Amino acid sequence: MIDTYGRRITYLRLSVTELCNLRCRYCMPEDGICKKDHAEMLTEDEMIAAVEAAASLGVRKLRITGGEPLVKKNILSICRRAAAVEGIEDLAITTNGIALSELAVPLREAGVNRVNISLDTLDPEKYHRITRVGTLDKAWAGIEAALAAGFDRVKINTILIGGFNEDEITSLAALTQKYPLDVRFIELMPMYDSGDFGKAAYLPNTEVRKRLPDAVAQENDGGVAELFRLPNAQGQIGLISSLSNHFCAACNRIRLTADGKLKPCLHSPQEFSIKGMTREQMRAQFEHTIFSKPEQHEDLSAEQRSQAGRNMNQIGG
Ligand code: SAM
Ligand code: SF4
């Protein structure tokens with residue numbers, strides 16, 4: 001489907017849970033989240049009906065996200081059924097990797113072809129600090145399991161945080177030389193009440209370019225990341241500059257939250273519920289949401305927070 005501004009919408013991000021086994025400082029509050037009533041959340045059948053409705057309107061790429069999707073008990077069944085929906089050509093998942101050592105192979109067998117794993121540091125103490133509860137060894141074991149499981153691509157998502165990990169840009173980027181994986185540096189976004197990072201934390205991705213003088217620009221692959229490659233690298237480096245150079249003009253996505261809200265834009269408070277609807281009603285709600293996509297979101301900065309009205313774990317990133 002094509003929206004009001006001529007953008008073809010082909011990508012759905014489906015959040016399957018708000019719950020998480022980590023508590024990343026930029027994503028959610030320390031005391032976790034106020035657990036919603038089970039009845040408010042989408043059932044597995046509703047999620048699959050929503051994917052079918054989206055696919056009937058031209059969505060071809062589906063990303064499963066959360067909260068942490070791998071804490072969802074029926075995650076393998078959701079993936080297996082979503083992969084089988086007619087029209088879905090690409091099924092990806094975004095995870096913190098903590099449960100991947102057990103789940104990488106079953107996810108691959110369920111039809112997931114690509115996996116993104118979030119990792120902001122290679123230092124165990126800093127990993128624990130930023131995730132509040134996490135153990136780097138577990139996340140790293142998950143990355144190794146993903147590499148061994150035969151996914152089409154494995155990507156590392158690193159949130160660039162001034163004063164926290166700019167000194168690790170070169171070592172994180174060097175992972176693309178050591179392993180067949182991509183590393184994407186993502187600018188920190190000032191969400192709702194997710195951590196009070198000071199101005200210096202919002203580093204532009206030009207800092208990554210400065211610290212990687214040998215990185216050579218690559219042709220765009222149709223995604224929102226600017227791509228680069230280090231000498232002799234097996235994977236690429238991607239820069240996602242949501243603040244310093246937002247990509248609204250190329251936005252091809254729509255989001256569905258675990259409590260059944262379609263979001264036309266990550267940073268807009270607008271939401272349209274599909275909870276309790278039939279597939280046909282969902283299809284109409286998807287159309288309405290796509291036509292409600294704004295041309296672009298407001299500028300974001302340390303002073304001007306996102307208007308999303310939710311933290312990232314309640315949207316899916
Ligand atoms: N739990 C999974 C994970 O961490 O990969 C999936 C959900 S998480 C909300 C999806 C992505 O959003 C992750 O890559 C995470 O780093 C990113 N994210 C969360 N809060 C963010 C923020 N304030 N700014 C930029 N990215 C953020
Ligand atoms: Fe959990 Fe992912 Fe948010 Fe971290 S970024 S708290 S792993 S949902």
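The values are calculated or read from the model by the stated rules, or taken from the named source; none is laboratory data. Because the structure is a prediction, the values reported are computed rather than measured. Here Cβ is always computed from backbone atoms with ideal geometry, including for glycine, and neighbour counts include all displayed protein chains. The accessibility values were calculated without ligands, DNA or RNA, using every heavy atom of the protein model including side chains. Shrake-Rupley method; radii C 1.70, N 1.55, O 1.52, S 1.80 Å.
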How charged is the neighbourhood of THR121? Take every other residue with its Cβ under 10 Å from the Cβ of THR121, and add Lys/Arg as +1 and Asp/Glu as -1. -3
Quick one: accessible area per residue over the chain, 1.4 Å probe, rounded to a whole number of Å²? 42 Å²
Roughly what % antiparallel, to the nearest 5, for the DSSP beta bridges in the range 98-256? 25 percent
Please work through the chain and write down the cysteines that have no neighbouring cysteine Cβ at a distance under 4.7 Å. CYS20, CYS34, CYS79, CYS248, CYS251, CYS265
Mind listing which GluC sites (Glu not before Pro) in the range 273-317 are in a DSSP loop and have 16 or fewer other Cβ atoms within 10 Å? GLU295, GLU298, GLU303
Among the listed pairs LYS138/LYS293; LYS61/LYS126; LYS126/LYS293; LYS155/LYS263, which are separated by more than 31 Å between their Cα atoms? LYS138/LYS293; LYS61/LYS126; LYS126/LYS293
Label zone at THR206, where the point sits 7 Å out along the Cα-to-Cβ direction: the range 272-302 residues whose backbone N lies under 19 Å: 299-302
Sulfur and carbon atoms: percent of accessible area, the chain [1.4 Å]: 49 percent
I'd like the distance between the alpha-carbon centres of the range 129-207 and the range 235-313, rounded to an integer number of Å. 22 Å
Choose one answer from ALA215, ALA200, ALA99: the residue with the largest mean-square fluctuation in a GNM of the chain with alpha-carbon springs under 10 Å. ALA200
Give, in whole angstrom and from largest to smallest, the semi-axes √(5λ) of the equivalent ellipsoid of the chain, with λ running over the eigenvalues of the Cα gyration tensor. 28, 22, 20
The chain - mean residue ellipticity at 222 nm from DSSP helices (-39,500 (n - 2.57) per run, n ≥ 4, rounded to 500): -7500 deg cm²/dmol
Taking every DSSP beta bridge with both residues inside the chain, roughly what % is antiparallel (nearest 5)? 25 percent
How far, in nm, would the chain grow between GLN234 and LEU122 when pulled straight, counting 0.36 nm per residue and subtracting the alpha carbon separation? 38.4 nm
Over the alpha carbons of the range 49-143, what is the largest minus smallest coordinate on each principal axis, giving the biggest first in Å? 46, 22, 19
Hey, got a sec? Which GluC sites (Glu not before Pro) in the range 48-101 land in a DSSP loop and have at most 10 other Cβ atoms within 10 Å? GLU86
Output the DSSP H helices from the chain with an along-axis C-alpha extent of no less than 15 Å and a mean Kyte-Doolittle hydropathy no less than -0.5. 44-56, 136-149
Contour minus Cα-Cα span, GLN177 to GLU298, at 0.36 nm per residue, comes to 39.9 nm
